[in-house]
2 protein chains.
Amino acid sequence: MKLEKVTENGRRRYDDACGAALGMDYVGERWALLLMRELLLGPRRFGELRSGLPGISANVLTQRLTGLEAAGIVRRERLPPPASAQVYALTPWGMESEPVVLALGRWALRSPAHDTSLPFSRVSLMLSLRMLMVQERAAGFTATVAFHLGEERYVARLTAGDLRVWRGEVDAPDAILAGETAAFKPVLYGGMPLAVAEATGRIAVAGNRAVAERFTGLFRLPDKVE
Amino acid sequence: MKLEKVTENGRRRYDDACGAALGMDYVGERWALLLMRELLLGPRRFGELRSGLPGISANVLTQRLTGLEAAGIVRRERLPPPASAQVYALTPWGMESEPVVLALGRWALRSPAHDTSLPFSRVSLMLSLRMLMVQERAAGFTATVAFHLGEERYVARLTAGDLRVWRGEVDAPDAILAGETAAFKPVLYGGMPLAVAEATGRIAVAGNRAVAERFTGLFRLPDKVE
DNA sequence: CTGTATCCGTGTTGATACTG
DNA sequence: CAGTATCAACACGGATACAG
């Protein structure tokens, strides 16, 4: 009987020199790529990861974190006192997986089966800015916009057509947008004017309103196929 | 008891509006992305797919083909008589997954665990040209090179920094390179001069030798991390 | 709160054998 | 060659219980 080769942990491998096959060895297990997605904007704690990955169970999350750490994609970090909590972060190579996540998202969103009403993590929302910005609309526009999503704070900075996004604070943003994740979906991807979301109280706008409105109009959900 | 939602076929979904999650619903199942890879250079028959996917079993291949067809990624086509055989092809949207495969490969090949001695399908070799061409080396170079890999024929055409690759024939290529897949790996990615592979009889060169040598030097395996 | 270690029901996977 | 049927192994998710 021919035995299939498995990894040290007993998982299945493809045994193929092709980079795509090796890539699927790493990210093809259930939850692995989404876990990496949740870390692309900065380190997260165990509980934060669980919140961003609805449906994952604690034991599976632990297994994935262990496996990705062994692969050199994730690293455990201990925050300095007094926080002194453990967080999980992507290694530099793990961070380089961002183009994979963005390309996969751009492609899949053209599926006729895409359902925008499904839940959407905060990281997904902020990552979608980089995934779905329309380059031509961004030409010649420079702006720093702070997003306050519930308790979490993110920053998006557009400079010379290059959009950077990270979790954290920023001094003197041009505008601040505050609201829950779901409130941003119609504004960024459904053609709803920012003023409407503001009038209904779902998004609060501070700072330069013109910048806020232009910024929120930079993005487009790709057309569906068929 | 809370029931988890599943697809029509009973498979697990992520139920996440994020494009990356939807993408993993489609390509995250074992073998799915590699199957798509095998179709990126043109339609293939059932048996050709099995050859390019060492280790897949017939029933799983059937399941994946059925699933990808239902998702609108793969299409069954019947060749016109006298061939009259059935082949599987990517739909236009399925073809758009190429950037995902290329990005995944570029990222994963930087893994310290990448093993170049593993098997490598013909499609993988030809796709690696698009995956790993160094743009700067291609500047100002125009060439059409035919690859004869065993029984199969591929064409790579470089024009204005843009490399196209497809399975098929071409009239009057600048050069023809003939050999087995394994013979090309050291030449394209191991720094072996084409002349050496030729001297050992592993690759036969016809046509413009200078074009052949410059062309084979356009590619580079990314540096490994750590 | 942050995990780890169980057990268990279920579905997915893949090897083998088999049919058209 | 193309695909189906069967069956065994195991990965997954849920539900605990439990440790630091």
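Structure above, values below:
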quantity	calculated
Residue ID - farthest from DNA strand D (Cβ to nearest atom), chosen from residues in region A:31-57 that are assigned to a helix (DSSP H, G or I) and without any contact (Cβ under 8 Å) to a residue 12 or more places away in the chain	A:Glu48
Some residue of region B:66-75 being touching a helix residue (DSSP H, G or I) at 6+ places or on another chain (Cβ under 8 Å), surrounded by 19 or more Cβ atoms within 10 Å (Cβ to Cβ), among the β-branched types (Val, Ile, Thr) and under 25 Å from B:Thr159 (Cα atoms)	no
Considering residues of region B:176-226 that are among the polar types (S, T, N, Q) and outside any helix (DSSP H, G or I) only, the residue surrounded by the most Cβ atoms within 10 Å (Cβ to Cβ)	B:Asn208
Residue in region B:56-90 that is farthest from A:Arg13 (Cα to Cα), counting only those that are among the polar types (S, T, N, Q) and out of contact with any Leu (no Cβ under 9 Å at 6 or more places or on another chain)	B:Ser84
Where B:Thr66 falls short, out of the listed (1) hydroxyl-bearing (Ser, Thr, Tyr); (2) more than 10 Å from every other protein chain (Cβ to nearest Cβ); (3) more than 16 Å from DNA strand C (Cβ to nearest atom)	(3)
Some residue of region A:44-55 being under 30 Å from B:Thr116 (Cα atoms) and within 10 Å of DNA strand C (Cβ to nearest atom)	no
Criterion: part of a loop (DSSP other than H, G, I, E, B) and surrounded by 18 or more Cβ atoms within 10 Å (Cβ to Cβ) - qualifying residue of A:Phe120, A:Phe147	A:Phe120
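Read-outs throughout are calculated quantities, based only on the coordinates presented, and are distinct from any laboratory measurement. Please read all numbers here as calculations on a predicted model, not as lab measurements. Virtual Cβ from ideal backbone geometry, glycine too; neighbours counted across all protein chains shown.
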